[in-house]
Amino acid sequence: PASDRTLKLPSNADGTLLTTTNPKSKSVIQTVNMVKTDAVSLLMSTSYQDVSGFTISITPEFANSKIILAGSIILDSWVQYSFGKFVRSINGGSYSSPTGWLGDAAGSRTVSQFGNNYRAPSGPDALNPCPMSIYAVDTDHNTTNTINYKLQYKNHSGTSYYIYFNRSHNDADANYSPRSCSHLTLMEVAA
């Protein structure tokens, strides 16, 4: 076959043949994309809960690579204080936040990755969801097993509020009421 080659060396030659190639530092090794087009609502709680359909997975080729999570989530958080974060599970283990993905604890303040996601209901803009940009770098996964990242949200008090994804608060069947699209991308980058 075309891939077969014969290498001839002098009888007194000495050396090492490199049979594997490490990627160039900071090069993108692989990407995984997720697009969510359907609408989701989440009845809020004072504890973090999973948001349906916002889970994305990657299996790194190298344990020391960096994993970048990027994207845009469309949400409408109406008359409430809501807080969100992504958590990580390695090889089916328990979920926790990667190092550096949460703010520092300070008194009674809520520790989150992004929030407070609050929109005051005034005028027609109160009916429109807003994009929220996501960018975070996972530097301590230290694995070549599958990693799952999933989105969670909570609010500050009570359980009577909803947060909406890819739709507006009132979700009227009218041409001024949008249905939107969220997307996430994972990129494995060589160390």
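A few remarks follow.
- Taking all protein chains into account, the per residue accessible area for region 55-191 stands at 48 Å² (1.4 Å probe).
- Solvent-accessible surface (1.4 Å probe) assigned to MET187 amounts to roughly 50 Å².
- Share of carbon and sulfur in the accessible heavy-atom surface of region 27-94 [1.4 Å probe, %]: 49
- With all pairs of separate Cα atoms included, region 29-159 yields a Kirkwood hydrodynamic radius of 16.0 Å.
- Using the Cβ-Cβ distance between ASP173 and THR59 with R0 set to 45 Å, the FRET efficiency from 1/(1 + (r/R0)^6) comes to roughly 0.60.
- Phi angles across region 145-152 convert, under the Karplus curve 6.51 cos²θ - 1.76 cosθ + 1.60 with θ = phi - 60°, into 3J(HN,Hα) values of 8, 5, 10, 10, 10, 9, 8, 10 Hz, Gly and Pro given as x.
- Placing dummy labels 7 Å off each Cα toward the beta-carbon, the span from THR159 to THR37 is 3.5 nm.
- Based on alpha-carbon atoms, the Kirkwood radius and the radius of gyration of region 121-191 give Rg/Rh equal to 1.09.
The values are calculated or read from the model by the stated rules, or taken from the named source; none is laboratory data. Bear in mind that the values here come from a model prediction, so they are computed numbers and not experimental data. As a convention, Cβ positions derive from the backbone with ideal geometry for all residues, glycine included, and neighbour counts pool all protein chains shown. The area values use the complete protein model at the heavy-atom level, side chains included, leaving out ligands, DNA and RNA. Shrake-Rupley method; radii C 1.70, N 1.55, O 1.52, S 1.80 Å.
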